[in-house]
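Working notes, structure below.
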Amino acid sequence: MSFDLVAPHYRWLETIAFGNALQRARTWWIDAIARPKRTLILGEGDGRFLCELVRAYPKIDVDCIDASQAMLQLARGHLRRTHPESFSRVHFIRDDILKWSPRESYDLLVTHFFLDCFPGRELQAIIAKLASAAEPGAAWLIADFTIPRERFARAHAKSWLRMMYTFFRATAGIGAKELVDPIPYLDEYGFTRASENLSRGRMLRSDVYVAAIGAR
């Protein structure tokens, strides 16, 4: 999976489809969490969330991992332009999450519009891997799509998701064919949802999960 082909066009595609809704979902809880010291971001994209994170918490250390070199370049450039004082504290790492192994522990994990790229078996393996890297009590910010229960909203969301999965399977090689609910895996590995927000007709969710104390 790589978003290299999509990277130059991702922001305007996102804006046409969703306006600023995805970015609002990414940053919804950013000022509400405890001040983090070391953060892991997976699939950051073009760096807009990263820049908001270092604005809110200027002295944190960040490992930013993405399989797309083009996306990492965009994020690196965005950070250098807007928050050059934080540049030395952010480490940009090109790697495949399925092959990557954590060497550090983190008190903040971030996976915005990332977990939805993987089928169930891979998703479970990723969540297990991140759970092993989480400090006791670590926060996990997750913004992603969801399927509402209401009939019209459900049909609307399924239509959008069908189009998006077709597009990103063709252009980025994502493995998922449909949205897989990560909540059972998060529960399995000791994460509890502490806060949630639904938006865009309940199609987008922004959640804060917290690792159990003594989980590691």
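According to the square roots a ≥ b ≥ c of the eigenvalues of the Cα gyration tensor, what is the shape class of segment 124-216, taking rounded for a/c under 1.5, prolate for a/b larger than b/c otherwise, and oblate for the remainder? Note, shape of segment 124-216 comes out oblate. Backbone geometry of segment 110-124 corresponds, through the Karplus equation with coefficients 6.51, -1.76 and 1.60 at θ = phi - 60°, to 3J(HN,Hα) couplings of 9, 9, 9, 6, 10, 4, 6, 7, 10, x, x, 5, 5, 4, 4 Hz, x marking Gly and Pro. In sequence order, segment 176-187 has phi-based couplings of 6, 9, 7, 6, 10, 6, x, 4, x, 6, 4, 4 Hz under the Karplus curve 6.51 cos²θ - 1.76 cosθ + 1.60, θ = phi - 60°, and Gly or Pro positions carry x.
Amide H to amide H, with H built 1.01 Å from N, A138 comes under 5 Å of A211, counting only residues 5 or more places away or on other chains. Pop out the carbon and sulfur fraction of the accessible area of segment 57-172 as a percent, whole number, probe 1.4 Å. Carbon-and-sulfur percentage of accessible area, whole number: 51. With a Förster radius of 22 Å applied to the beta-carbon distance between S105 and R80, the computed FRET efficiency rounds to 0.20.
The mean accessible area for residues of the chain, using a 1.4 Å probe and ignoring ligands and nucleic acids, is 50 Å² per residue. Near R162, once Lys and Arg are set to +1 and Asp and Glu to -1 for all other residues with Cβ below 10 Å from its Cβ, the sum equals +1. The H on the amide N of A143, modeled in the peptide plane, is under 5 Å from the matching H of T111, H112, F113, D207, each at least 5 residues off or on a different chain. Please state the shape class of segment 1-122: rounded when a/c is under 1.5, otherwise prolate if a/b exceeds b/c and oblate if not, all from the C-alpha gyration tensor. Rounded, since a/c falls under 1.5.
With helices as the sole contributors, the chain gives -11500 deg cm²/dmol at 222 nm; each DSSP H run of n ≥ 4 counts as -39500 (n - 2.57), and the sum is divided by every residue. Rounded to the nearest whole Hz, the Karplus-based 3J(HN,Hα) values (6.51 cos²θ - 1.76 cosθ + 1.60, θ = phi - 60°) of segment 27-38 follow the sequence 9, 4, 9, 4, 8, 9, 8, 5, 4, x, 9, 9, with x at glycine and proline. The tail of the calculated P(r) for segment 60-144 beyond 15 Å holds 64 percent of all Cα-Cα pairs.
Quick check for me: using +1 on Lys/Arg Cβ and -1 on Asp/Glu Cβ, what's the dipole size of segment 1-135 about its Cα centre, in debye to the nearest 20?
Details: 18 positive and 17 negative charges, 62 e Å.
The dipole magnitude comes to about 300 debye.
Considering only W28, T192, V110, and ranking their Cα positions along the charge dipole of the chain that arises from unit charges at the beta-carbon of Lys, Arg, Asp and Glu, the one farthest toward the positive end is W28. Over 26 Å apart at the Cα level, from the set K37/K129; K59/K99; K99/K158, are K59/K99; K99/K158.
The values are calculated or read from the model by the stated rules, or taken from the named source; none is laboratory data. Quick caveat, the model's predicted, so the values are computed rather than measured. Cβ coordinates were reconstructed from backbone atoms using ideal geometry, including for glycine residues, and neighbour counts include every protein chain displayed. The accessibility values were calculated without ligands, DNA or RNA, using every heavy atom of the protein model including side chains. Shrake-Rupley method; radii C 1.70, N 1.55, O 1.52, S 1.80 Å.
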